[in-house]
Amino acid sequence: MKFISTNAQTAPTTFQQVVFSGLAADGGLFVPENIPVLSVDFLQNLSEHSLTTIATEIAAKFITDIPAVDLISIVQRALNFSIPLYPLQENQFLLELFHGPTLAFKDVGARFLAETLSYYLAQQRQSLTIIVATSGDTGSAVAHGFHRIPGINVIVLYPSGRISPLQEKQMTTLGDNIYALEIQGNFDDCQRLVKQALNDIDLVQQLNLTTANSISLGRLVPQISYYAWALAKWLPLKRNKLVNIVIPSGNFGNLTAAVYAKKMGIPIHKFIAATNANAVVPEYLQSGFFKPRSSVATYSNAMDVGNPSNFARLEAVYKKDLAAMRNEIFGVAIDDKQTLAQIAKTYAEQHYILDPHTAVGVAAAEKIAQQSCSSEDYIIAATAHPAKFAEVIESALHFAPPLPDSLAAALKREKQSIELSAEYDGLRKTLLRQLNYA
Ligand SMILES: *Cc1c(COP(=O)(O)O)cnc(C)c1O
């Protein structure tokens with residue numbers, strides 16, 4: 001399997017080159033030359049397979065430059081937590097993707113990418129430095145995913161005082177090969193600094209510097225497998241119905257992975273793209289005009305994205321045919337008021353505490369179910385644990401959600417961060433000093 005750019009200006013390249021370069025040289029996103037299809041035999045016996053078997057089968061279709069035995073151990077180390085399908089009510093199921101170390105679905109992609117990079121590095125006897133800017137969730141998932149991975153150092157830049165205390169503790173208490181840089185500035189400053197570092201050819205060579213952002217195919221490929229796994233759990237319930245997948249979306253990586261799962265043969269009916277007030281994609285599906293803009297802050301802050309970075313991949317799947325995309329994807333935008341109302345309603349009726357992102361998904365499913373009179377099922381991607389968003393839960397339910405042990409433990413640990421101004425020169429000196437290459 002080779003990969004091409006959505007801008008179509010680069011030669012087909014291997015998975016190894018794709019995960020090390022992130023973005024294609026022509027500025028486009030890497031996509032597979034074609035979306036592979038799972039065998040009829042595998043699809044017919046889907047429900048008999050474990051999550052790791054399914055994930056290995058899918059990964060092997062895309063990653064043809066790693067031998068099967070090695071791919072199995074990469075998958076086993078990356079997906080070492082459960083992904084339950086929780087029956088919420090008559091026609092709704094929650095795919096709980098938040099049982100990884102940072103309690104959000106981003107753990108799946110970050111852990112798989114870390115294991116894959118580490119594998120390739122060991123082959124080449126090389127080391128690597130990863131630099132990322134974060135407004136919260138991505139940084140902690142990447143930091144945990146790469147913690148103690150041999151041959152890789154991770155630099156996380158976050159805006160001082162602008163992320164939740166919990167998110168800060170998740171990123172700054174790991175130590176070892178993880179360096180948390182607390183920047184006196186906002187998220188945009190952090191992103192600018194990362195860009196400057198990645199454009200500093202001398203630094204890039206000295207540190208073998210790269211990034212691990214949300215457009216990495218190394219994060220997308222493992223995400224396909226949990227949709228196949230969801231169907232594997234749902235099919236034996238013999239509901240003789242169609243099932244739709246609902247995805248709370250920001251950069252639309254998670255939705256792209258679900259669409260890939262369907263193209264590979266997983267029997268998903270339709271997709272619901274659920275957003276908060278940052279509704280660029282639902283508006284596109286309505287009007288046919290894609291109008292990226294600055295994001296606005298909402299309760300589901302990991303979805304506050306005004307220019308969804310995976311949109312080019314979605315367009316590529318549907319060959320820029322709006323009618324084809326509309327036929328499979330419905331867009332629904334849910335505002336903050338509806339988000340709080342959904343958290344309250346689901347708790348009152350099902351005694352289940354939704355995090356604000358998942359609440360956007362459940363509210364979208366209810367809206368679509370009301371509009372269409374059919375009795376289809378909905379599997380909603382539950383993207384984060386509610387304890388990560390305690391303030392929002394408190395405004396909806398008037399009590400704080402119980403803190404899982406892993407979060408409570410992180411809160412007790414000592415913060416280790418390096419405070420820096422938003423000037424590039426200081427960042428450069430710190431990187432060279434900390435990583436001992438000066
Ligand atoms: C990142 C994130 C999302 C959005 O996922 P995309 O792949 O960017 O669309 C949704 N919920 C949570 C909790 C997240 O961290």
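Computed quantities for the displayed model
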{"quantity": "Residue in region 282-303 that is hydroxyl-bearing (Ser, Thr, Tyr), touching a Gly at 6+ places or on another chain (Cβ under 9 Å), buried (at least 21 other Cβ atoms within 10 Å of the Cβ) and in a helix (DSSP H, G or I) present", "calculated": "yes"}
{"quantity": "Residue match in region 243-250 (condition: modelled with pLDDT under 95, in a loop (DSSP other than H, G, I, E, B) and within 15 Å of the chain's Cα centre (by Cα))", "calculated": "yes"}
{"quantity": "Residue in region 214-258 that is surrounded by the most Cβ atoms within 10 Å (Cβ to Cβ), counting only those that are among the hydroxyl-bearing types (Ser, Thr, Tyr) and within 12 Å of the ligand (Cβ to nearest atom)", "calculated": "Ser249"}
{"quantity": "Test: residue in region 399-413 that is more than 27 Å from Trp234 (Cβ to Cβ), at pLDDT 95 or above and either among the hydrophobic types (A, V, I, L, M, F, W, C) or surrounded by fewer than 19 Cβ atoms within 10 Å (Cβ to Cβ) (or both)", "calculated": "yes"}
{"quantity": "Options Thr64, Thr102; residue that is assigned to a loop (DSSP other than H, G, I, E, B), surrounded by fewer than 17 Cβ atoms within 10 Å (Cβ to Cβ) and not charged (D, E, K, R)", "calculated": "Thr64"}
{"quantity": "Residues (part of a helix (DSSP H, G or I), within 21 Å of Leu209 (Cβ to Cβ) and in contact with a Leu (Cβ under 9 Å, 6 or more places away or on another chain)) located in region 20-47", "calculated": "Phe20"}
{"quantity": "Where a residue in region 60-77 is among the hydroxyl-bearing types (Ser, Thr, Tyr) and its partner, wherever it lies, is part of a helix (DSSP H, G or I), with Cβ under 9 Å and at least six apart", "calculated": "Thr64/Phe15; Ser73/Glu115; Ser73/Tyr119"}
{"quantity": "Enumerated strands (runs of 3 or more DSSP E) restricted to region 123-219, each holding at least 1 residues that are touching a Gly at 6+ places or on another chain (Cβ under 7 Å)", "calculated": "128-133, 152-159"}
{"quantity": "Qualifying position, being surrounded by 15 or more Cβ atoms within 10 Å (Cβ to Cβ), over 15 Å from Leu88 (Cβ atoms) and among the aliphatic types (A, V, I, L, M), among Val392, Val360", "calculated": "Val392"}
{"quantity": "Test result for Val296, at pLDDT 95 or above and within 16 Å of the ligand (Cβ to nearest atom)", "calculated": "no"}
{"quantity": "First in region 299-318 and over 12 Å from Thr6 (Cβ atoms) and more than 11 Å from the ligand (Cβ to nearest atom), second anywhere and among the small types (Gly, Ala, Ser) and outside any helix (DSSP H, G or I), Cβ under 7 Å, 6 or more apart", "calculated": "Gly306/Ser294; Gly306/Ser295"}
{"quantity": "Which numbered condition Glu423 fails, given (1) over 18 Å from Ala133 (Cβ atoms); (2) modelled with pLDDT of 95 or more; (3) surrounded by fewer than 16 Cβ atoms within 10 Å (Cβ to Cβ)", "calculated": "(1)"}
{"quantity": "Any hit, region 78-99, residues being in contact with a Phe, Trp or Tyr (Cβ under 9 Å, 6 or more places away or on another chain), more than 14 Å from the ligand (Cβ to nearest atom) and assigned to a helix (DSSP H, G or I)", "calculated": "yes"}
{"quantity": "Pair list, Cβ under 8 Å, 6 or more apart: region 98-112 residue at pLDDT 95 or above, other residue outside any helix (DSSP H, G or I) and among the acidic types (Asp, Glu)", "calculated": "Phe98/Asp355"}
{"quantity": "Test: residue in region 325-340 that is among the basic types (Lys, Arg), surrounded by fewer than 17 Cβ atoms within 10 Å (Cβ to Cβ) and more than 25 Å from Leu403 (Cα to Cα)", "calculated": "yes"}
{"quantity": "In region 334-361, residue farthest from the ligand (Cβ to nearest atom) [restricted to those that are in contact with a helix residue (DSSP H, G or I) (Cβ under 7 Å, 6 or more places away or on another chain) and under 15 Å from Leu255 (Cα atoms)]", "calculated": "Val360"}
{"quantity": "From the options Ile149, Ile163, Ile155, residue that is surrounded by 24 or more Cβ atoms within 10 Å (Cβ to Cβ) and not aromatic (Phe, Trp, Tyr)", "calculated": "Ile155"}
{"quantity": "Among (1) over 28 Å from Met1 (Cβ atoms); (2) part of a strand (DSSP E or B); (3) touching a Gly at 6+ places or on another chain (Cβ under 7 Å), the one test that Ala273 misses", "calculated": "(1)"}
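The values are calculated or read from the model by the stated rules, or taken from the named source; none is laboratory data. Please read these numbers as outputs of a predicted model, since none were measured by experiment. Reconstructed Cβ throughout: ideal geometry from the backbone, glycine too, with neighbour counts over all protein chains shown.
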